[in-house]
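Q: For reference, the structure I am asking about is given below.
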Amino acid sequence: MDRDDLFFSANENNENQPLAYRMRPRTLDEYIGQEHIIGKGRLLRRAIQADLLSSVIFYGPPGTGKTTLARVIANTTKSHFSTLNAVLSGVKELRYEIDAAKSRMDHYGNRTILFVDEVHRWNKSQQDALLPWVENGTFILIGATTENPYFEVNAALVSRSRVFQLTKLTSEDLMKVASQALKDKERGYGNFDIEFEEGALEHLVDVASGDARSLLNALQLAVETTPSTFPPEKGEKIFISKEACEESIQRKVVLYDKEGDYHFDVISAFIKSLRGSDPDAALYWMARMIAAGEDPRFIFRRMLISAAEDVGLADPMAVSVVEADAAAFDRIGLPEGRFHLTHSALYLATAKKSNSALAFFDALSDVEKEKASEVPNHLKDASRDSEAFGHGEGYLYPHAYKDHWVNQQYLPNGLQGKVYYRPSDQGYEAKIKDEVERKREAQIESASEDAFVENLTFTPKDKVKDKWIQRTSSMGSNLLLDIRDRLFGKANIRRSDNILVLNASHGLLVWEALKHNPEGLTFAQVKNQSEFEYIDHYSKQLEELSRPEIKVGKALDVLKKMDSDLKFEFVFARNLFTRLYEEEELLHTLKEHLSDDGQINLSEGMPSEGSTLSEFIKDENLKALLEKAEEKVYHDSENPMTNWNKFDMISFFSNAFLHVEEQELSQKEERLLDEETLRNWWDKSYLKHLTLSKAEVDKYRAILLKELAGKSVFWRHSILLVTLSNSSPKRGKKKTDPEWIEVHKKTSL
């Protein structure tokens, strides 16, 4: 089946085709959403534009653009593009494509990209049949699946593919989709005068819930059924009311598959909400399961486990309550049995907690030795794909904290602060009322966006590349390595983030960036050709798409020439603002290339706060002369490199950024003082501030060289580490960050 069968048709723009089909993007510029995958600088975008695609798997819910992205690739690539649908095709059709691909390669040297839609529908043997041909290069595979590939796709295929997770479109994305359809004169409704009642279009966007296909289908129904005839009479205005929009789109069915990924994520969120003593979140996740048709007996089984595992002996009645509710449910059934589900869930969520039952596993270990809503990411089931997608990252285990409770988000982002359960002042509830409300107030007070985002892309490990980057990133002095680690320790980098390194010098920060963003762009600016050649020499060891992009010139000039649409999630630099008050334009230009939730991490040396030559001189007369000169060298109001201090720098940055964090770092580094360096300091820096005869100049230079030339000293550096951003931290601190560890040590005491 060639590309024409699935993606191209003479009737593509036919008005009889559904609007969602007609409006499918044809190019990357028309594609809306999924910035983490195909935004400017992202790996997949660069691979498509350079026609250097390797095998990939697109994973995400319906309506997020998986097939559409394959269509864009088909329009862009010079390779032959073939398609199969796993629902309609089997091994027979695959063998046909294999033979055709081999023939193209043998006779014309033409590669074949094979798009397999709903690849998870193939069974293991069918997926196995594809594997050898992907491995030997006969095919470049593009697989699309609505199911987590780590659950449903052959592990060998996944390990040879880059995995990109597509997420539901945001409301802003859907508004752009609707606007695109309403303005397009060729494929949409750009030739008509369409007006919406206030809130009508917003209703379509809200109910579409991230699904572009659902939105466009509803938009088509609303537009084409509003006038008495369609198309309308010339000059006739189409006014679409809120009521028409409500009729055009029905509330979506809860996305939930009892055999799939969402099943495990939602039950995981439910149990963690019980363990975390959040009755509101527990009721929400349970309602979501019941609304989707989950078997209530399954929920009761999980609550019976929680009653022993998480409540335990802190409330021995918990198991009895859940067991009694389960027995009552068997007698009553739905719908009244929902009261018993609710009763058990509320009991467990509000009960005191103890995990003493885990003592069993300590005993078991000894025995064995003797024998020989989207759901917030940190609540997702991390049992099988935590390394790739980071599911479960950032979840705080309540039992590790004082009183077996820690302030943490359990409800989805859009429902934080929502109150479902209101304890009364009667009986048992009177005892727990204050504690429930205290915890709820703490949850609401700390309400924020999900701090622990999931990885949305995954690239198989390249051991050779990893070893190479590890070697190059360790090539620096202990001081520089410490600065690098501190700068990156403040950054929770996602794999698809774009990173900008300014004043990259010989690439120490560049190599570190490449460790963190295999699906993003690393862009480096260097001052001169020598630095460029140094980094370029090492980067040529990497495959083309993995190399950093390097530009030579002043930081401001490089930024001005950069594509205005190219945004960076993180910027790293050393000594970028040494001439502080001359760099206002640089700061504002840099800010223009920072993403909305971006972060700038800087290391700025403060020469006036560090060591000076006079500290290491024993001759009293020379020491006094050096101190006199240093007073002017390091505190010259006319010198742009010394006419500022750390308070000036913080004030300078605060004028441009809402959030400025600083940390002063004082470190000593063993430094060899060679004769040439000492002569330059004495002749070019110090003498201009001293009034000495020629004989005195020669005398004191000789003393300086005699005492220090060829000797090692412990030179103290004073460095200001600065973090700049315009948004509150959304990703949280890394668990390896010393500040994160210190905070949570205190919390758990």
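Q: Return the residues of the stretch 552-580 that are within 24 Å of Phe653 (Cβ to Cβ), of a type outside the set (Asp, Glu) and assigned to a strand (DSSP E or B); say none if nothing qualifies.
A: Once the filter is applied, which keeps residues that are within 24 Å of Phe653 (Cβ to Cβ), of a type outside the set (Asp, Glu) and assigned to a strand (DSSP E or B), the stretch 552-580 yields Phe568, Phe570, Val571, Phe572, Ala573, Arg574.
Q: Identify, please: which residue in the stretch 68-121 is open to solvent by 10 Å² or more (accessible area, probe 1.4 Å), among the charged types (D, E, K, R) and part of a helix (DSSP H, G or I) and is, among those, farthest from Asn136 (Cα to Cα)?
A: Arg121
Q: Among the helices (runs of 4 or more DSSP H) confined wholly to the stretch 163-246, which include 3 or more residues that are in contact with a Gly (Cβ under 7 Å, 6 or more places away or on another chain)?
A: Filter on the stretch 163-246 gives 171-183, 212-225.
Q: Being open to solvent by less than 20 Å² (accessible area, probe 1.4 Å) and of a type in the set (Lys, Arg) narrows it down to one of Arg42, Arg46, Arg24, so name that one.
A: The match here is Arg42.
Q: Among the listed residues Gly60, Gly65, which satisfies the condition of being of a type in the set (Gly, Ala, Ser) and either open to solvent by 20 Å² or more (accessible area, probe 1.4 Å) or touching a strand residue (DSSP E or B) at 6+ places or on another chain (Cβ under 8 Å) (or both)?
A: Gly60
Q: Among the numbered conditions (1) modelled with pLDDT of 85 or more; (2) closer than 22 Å to Ala181 by Cα, tell me where Phe58 comes up short.
A: (2)
Q: In the stretch 590-642, how many are in a strand (DSSP E or B) and closer than 30 Å to Asp563 by Cβ?
A: So the count comes out to 11.
Q: Considering Arg331, Arg275, Arg301, which residue is basic (Lys, Arg), open to solvent by 10 Å² or more (accessible area, probe 1.4 Å) and modelled with pLDDT under 85?
A: Arg331 is the lone residue from the list that is basic (Lys, Arg), open to solvent by 10 Å² or more (accessible area, probe 1.4 Å) and modelled with pLDDT under 85.
Q: Kindly provide the set of residues from the stretch 510-538 that are open to solvent by 30 Å² or more (accessible area, probe 1.4 Å), part of a helix (DSSP H, G or I) and not acidic (Asp, Glu), ordered by number.
A: Passing the criteria: Lys515, His516, Gln529, Ser530, Phe532, Tyr534, His537, Tyr538.
Q: How many residues does the stretch 539-551 hold that are buried (at least 19 other Cβ atoms within 10 Å of the Cβ), under 24 Å from the mean Cα position of the chain (by Cα) and not in a loop (DSSP other than H, G, I, E, B)?
A: Total meeting the criteria: 1.
Q: Any residue in the stretch 84-108 that's closer than 21 Å to Trp122 by Cβ: show its pairings with residues that are open to solvent by less than 10 Å² (accessible area, probe 1.4 Å) and assigned to a helix (DSSP H, G or I) at Cβ separation under 7 Å, as long as the two are six or more apart or on different chains.
A: Listed pairs, sorted by first residue: Leu84/Leu94; Leu84/Glu97; Ala86/Val119; Leu94/Leu130.
Q: Looking at the stretch 135-156, which of its residues are within 23 Å of Arg95 (Cβ to Cβ) and of a type in the set (Val, Ile, Thr)?
A: Thr138, Ile140, Ile142, Thr145, Val153 - these are the residues of the stretch 135-156 that are within 23 Å of Arg95 (Cβ to Cβ) and of a type in the set (Val, Ile, Thr).
Q: Among what's in the stretch 605-646 and is of a type in the set (Phe, Trp, Tyr) and under 29 Å from Leu487 (Cβ atoms), pick the residue that is nearest to the chain's Cα centre (by Cα).
A: Trp644
Q: Of the numbered conditions (1) surrounded by 19 or more Cβ atoms within 10 Å (Cβ to Cβ); (2) modelled with pLDDT of 85 or more, Lys176 satisfies every one except a single condition; which is it?
A: Going through (1) surrounded by 19 or more Cβ atoms within 10 Å (Cβ to Cβ); (2) modelled with pLDDT of 85 or more one by one, Lys176 breaks only (1).
Q: Identify, please: which residue in the stretch 388-400 is at pLDDT 75 or above and assigned to a loop (DSSP other than H, G, I, E, B) and is, among those, nearest to Lys352 (Cα to Cα)?
A: Tyr397
Q: Report, by residue number, each residue of the stretch 334-372 that is modelled with pLDDT of 85 or more, part of a helix (DSSP H, G or I) and not hydrophobic (A, V, I, L, M, F, W, C).
A: Passing the criteria: Arg338, His340, Thr342, His343, Ser344, Tyr347, Thr350.
Q: Just name the residue that is surrounded by the fewest Cβ atoms within 10 Å (Cβ to Cβ) out of those in the stretch 122-145 that are small (Gly, Ala, Ser) and part of a helix (DSSP H, G or I).
A: Ser125
Q: Within 32 Å of the chain's Cα centre (by Cα), open to solvent by 50 Å² or more (accessible area, probe 1.4 Å), more than 19 Å from Ala269 (Cα to Cα) and at pLDDT below 75: is that true of Glu445 in this structure?
A: Yes: the conditions hold for Glu445.
The values are calculated or read from the model by the stated rules, or taken from the named source; none is laboratory data. None of the values given here were measured: they were computed from a predicted structure. Heads up, the Cβs are rebuilt from the backbone with ideal geometry, glycines too, and the neighbour counts pull from every protein chain shown. Calculation scope for accessible area: heavy atoms of the full protein, side chains included, ligands and nucleic acids excluded. Shrake-Rupley method; radii C 1.70, N 1.55, O 1.52, S 1.80 Å.
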